[in-house]
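Reading through the structure tokens given below for one structure.
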Amino acid sequence: MTLLAVTFFLLMSLGVPIAFAIGIAGFSFFATNEIMPLSIGVQQVATASQSFPLLAVPFFVLAGHMMNRTGITSRLIACSSVLVSWMSGGLAQVCIVLSTLMGGVSGSAVADAAMEARILGPSLIARGYSRGFTCATIAVGSLITATIPPSLGLILYGFVGNVSVGRLFLAGVIPGLLMMAGLMLTVWLIARRRGYKAEMTERPTMGAVWRAVADAKWALLFPLALLLAIRGGLFTPSEVGAFAVIYAAVVGFLLHRELTWASVMEALFEAVVDTGLIMLIILFSGMVGYAIIFEQAPQSIAEAMTGLTREPILVVALILVFLFIAGLFIESTVLVLLLTPIFLPIVTPLGVDPVHFGILMMTIVTLGSMTPPVGVAMYTVCSLLDCPVEEYVVESLPFIFTILVLVAVLALWPGLVLFLPNALM
């Protein structure tokens, strides 16, 4: 097990792509193990691909790319602007609300951050917002996208941990809305102190709100339709991914009439690239996951943690601290695939609901994308808006503190996470 970890981190430090670092580390374990033949490792790579729930990944990736070409993004920006631009820090508030609404479209925090940096970032800076504050608002705000359904991270967690994706989707709604409220409050406090003005002098009328919501109705109905389809038993999570692609096509071709065959081909190309990257990580992670179980790593870690305390909340707190530190250095998808088989068997016997733990885990590991030293969303936004990372780090501290406080609240009160899954499923 030590060889596996050392090989992986050595390859990562050399700049080897994550998928190949995982694959080489996994093969090195089987190649040097005296009990396990190398053929078992190859079989595990193949076995990881034989999963019906994994069909949800390429479908939702394709649906997200198609949705971005249907005119939905511009309508969501207009809707967000009407709803919150009258508040202090109005345009920054629009970024937070847009991330919440985009959660039902893209399912990817990094994709949402890149989109907002291109579209809203220059306008924020032109209106006098500092580059660091602009980047922090966009990058950390995109964390909401990883919680609001359909989140690709929750799909992967459900696949690896054998947890209901439908319950995970429902469980992400309230934490996502609480995250939106917390980040909006943070923006409001900073904006009031610095004098960042509202975009509108008066609050919008009910007529203006209704027109903006009606114009964006197909985007707003998308996550609701997914949840109702799963809850009603019409589709499995994999099938609802195919429904998402059809929904995007119908909205783009027939309702908004902005989707063209050329843009469909572009979406297909981008979806193939993204799916190939994700699936390669998943396949090689299957081999590493088998090695972890063979070495009884979950049992060893469980014994070490329960030796310190058997209080469930303290064990969860220790795990979350570890995940936060790991998320600073390793991409969230990798952490979900590698660490879910380790930590889920530890917390489940202690009475922690796997759905509750999944929301906490996804929030913490995705936060690593917004923090140094290897935060993908952080570097994406800073590079697009020409912002020094040092300035970003300082400005992001209030937002990160808000997220950590929210995670602590969700950990202490599981009912906030489990209310919708228990009520509807």
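The values are calculated or read from the model by the stated rules, or taken from the named source; none is laboratory data. The model shown is predicted, which means the values in this text are computed figures rather than measured ones. As a convention, Cβ positions derive from the backbone with ideal geometry for all residues, glycine included, and neighbour counts pool all protein chains shown. Ligands, DNA and RNA are stripped out before the accessible areas are found, and what is left, the full protein with its side chains, is counted by its heavy atoms. Shrake-Rupley method; radii C 1.70, N 1.55, O 1.52, S 1.80 Å.
Residues in the chain average 42 Å² of solvent-accessible surface per residue, probe 1.4 Å, ligands and nucleic acids excluded.
When the chain is described by a simple charge dipole with +1 on each Lys and Arg Cβ and -1 on each Asp and Glu Cβ, the residue from VAL417, PHE284, ILE313 located farthest towards its positive end is VAL417. Taken one residue at a time, the phi angles of segment 83-96 give Karplus couplings (6.51, -1.76, 1.60, θ = phi - 60°) of 6, 10, 5, 7, 7, 4, x, x, 6, 5, 4, 4, 4, 5 Hz. Gly and Pro are set to x.
Enter the angle in degrees (range 0 to 90, nearest 10) between the Cα long axis of helix 354-367 and the first principal axis of the Cα atoms of the chain, meaning the one along which they spread out most. For helix 354-367, the angle is close to 70 degrees. The simple spin-label model puts a point 7 Å past each Cα toward its Cβ; for SER49 and ASN162 those points are separated by 2.4 nm. Note on segment 293-425: Rg/Rh from Cα positions, Kirkwood definition for Rh, rounded to two decimals, is 1.02. Which angle from 0 to 90°, rounded to the nearest 10, does the C-alpha axis of helix 389-412 make with the longest principal axis of the chain? Compared with the principal axis, the helix lies near 70 degrees. Here the 3J(HN,Hα) profile of segment 109-119, calculated from phi with Karplus coefficients 6.51, -1.76 and 1.60 at θ = phi - 60°, is 5, 5, 4, 5, 4, 5, 4, 5, 5, 6, 8 Hz, Gly and Pro shown as x. Reducing segment 251-300 and segment 118-144 to their Cα centroids gives an inter-centroid distance of 28 Å.
Taken over the C-alpha atoms, segment 1-424 has Rg and Dmax values of 21.4, 73 angstrom.
Apolar share of the accessible surface for the chain: 70 percent from carbon plus sulfur atoms, 1.4 Å probe. Restricting segment 341-425 to GluC sites (Glu not before Pro) that sit in a DSSP loop and have at most 16 other Cβ atoms within 10 Å of their own Cβ leaves nothing.
Computed from Cα positions, the angle between helix 332-347 and the longest principal axis of the chain comes to roughly 60 degrees.
Can you compute the charge dipole magnitude of the chain about its Cα centre, using +1 on each Lys and Arg Cβ and -1 on each Asp and Glu Cβ, nothing else charged? Give it in debye, rounded to the nearest 20. Before the final figure, lay out the partial values.
Numbers: 16 positive and 20 negative charges, 225 e Å.
Dipole size: approximately 1080 debye.
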